[in-house]
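Q: Right, I'll just put the structure down here and ask away after.
The values are calculated or read from the model by the stated rules, or taken from the named source; none is laboratory data. Small disclaimer: the values here were computed from a predicted structure and weren't measured. Positions of Cβ are backbone-derived with ideal geometry, glycine not excepted, and every protein chain shown enters the neighbour counts.
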Amino acid sequence: MSNGIPTVLSVLRRLQYPELESRFPRRAIAALFALINGFLSIGLMAAAAHLADIPMIFPSLGPTAFLFFYTPMAPAASPRNTLIGHFIGAACGWLSVAAFGLLDAGPALATGVTWQYVGAASTALGFTAGLMVLVGAPHPPAGATMRSSRSGCSRQA
């Protein structure tokens, strides 16, 4: 009589990505992998944000999750580039909003787009892109992180 451990390990081995990819269409397995992991990762972050009452969910996390789970070996999906890129995007967004005197202004979606918002958004994206290239940490979704830094997409001022 077996104790069940070899059977469980055998099942788990058969559910590993390479094993599934050898038995089923590659695109279907990649789609299922992206779906499950994207759902779980953003779901866990959203639940933590809700429980902590802290806005930890922002638009660029969707593309980041997609990079992680669809192209995990791409340089843009590396944890280093992700953390540095989002930090640069958030910092450039906040600094641009501050430089254009918009820290106390409402979101552009509610108050209307002014030349100050145009200047803040273009400055933030320009510096975000330039700095990511300069430090060798490209992460395209960070270009949207700068937009979340009170420069138009935030829900409150």
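Q: Counting just the residues of the range 135-146 that are in a helix (DSSP H, G or I) and touching a His at 6+ places or on another chain (Cβ under 8 Å), which one comes out modelled with the lowest pLDDT?
A: Ranking the candidates gives T145 first.
Q: Confirm whether I54 is assigned to a helix (DSSP H, G or I), within 29 Å of A120 (Cα to Cα) and of a type in the set (A, V, I, L, M).
A: So I54 does not fit the description; no.
Q: Mind counting the residues in the range 83-134 that are surrounded by fewer than 19 Cβ atoms within 10 Å (Cβ to Cβ), among the polar types (S, T, N, Q) and assigned to a helix (DSSP H, G or I)?
A: Summing the residues that are surrounded by fewer than 19 Cβ atoms within 10 Å (Cβ to Cβ), among the polar types (S, T, N, Q) and assigned to a helix (DSSP H, G or I) in the range 83-134 gives 3.
Q: Return a yes/no flag: does the range 106-124 have any residue that is under 12 Å from M146 (Cβ atoms), of a type outside the set (D, E) and touching a Cys at 6+ places or on another chain (Cβ under 6 Å).
A: Yes, because at least one residue in the range 106-124 is under 12 Å from M146 (Cβ atoms), of a type outside the set (D, E) and touching a Cys at 6+ places or on another chain (Cβ under 6 Å).
Q: Considering the range 32-59 alone, what residues qualify as being modelled with pLDDT of 85 or more and touching a Lys or Arg at 6+ places or on another chain (Cβ under 9 Å)?
A: Across the range 32-59, there are no qualifying residues.
Q: Here's something else I'd like to know. Test G38 against the criterion of being buried (at least 16 other Cβ atoms within 10 Å of the Cβ), touching a residue at least 12 places away in the same chain (Cβ under 8 Å) and out of contact with any Pro (no Cβ under 9 Å at 6 or more places or on another chain), and give yes or no.
A: It is true that G38 is buried (at least 16 other Cβ atoms within 10 Å of the Cβ), touching a residue at least 12 places away in the same chain (Cβ under 8 Å) and out of contact with any Pro (no Cβ under 9 Å at 6 or more places or on another chain).
Q: Sticking with this one: Filtering the range 1-31 down to residues that are of a type in the set (G, A, S) and modelled with pLDDT of 70 or more, which residue is farthest from F69 (Cα to Cα)?
A: Out of the qualifying residues, it is S10.
Q: Here is a list of conditions, (1) within 17 Å of the chain's Cα centre (by Cα); (2) modelled with pLDDT of 85 or more, and S149 meets all of them except one; can you say which number that is?
A: If we test S149 against (1) within 17 Å of the chain's Cα centre (by Cα); (2) modelled with pLDDT of 85 or more, just (2) comes out false.
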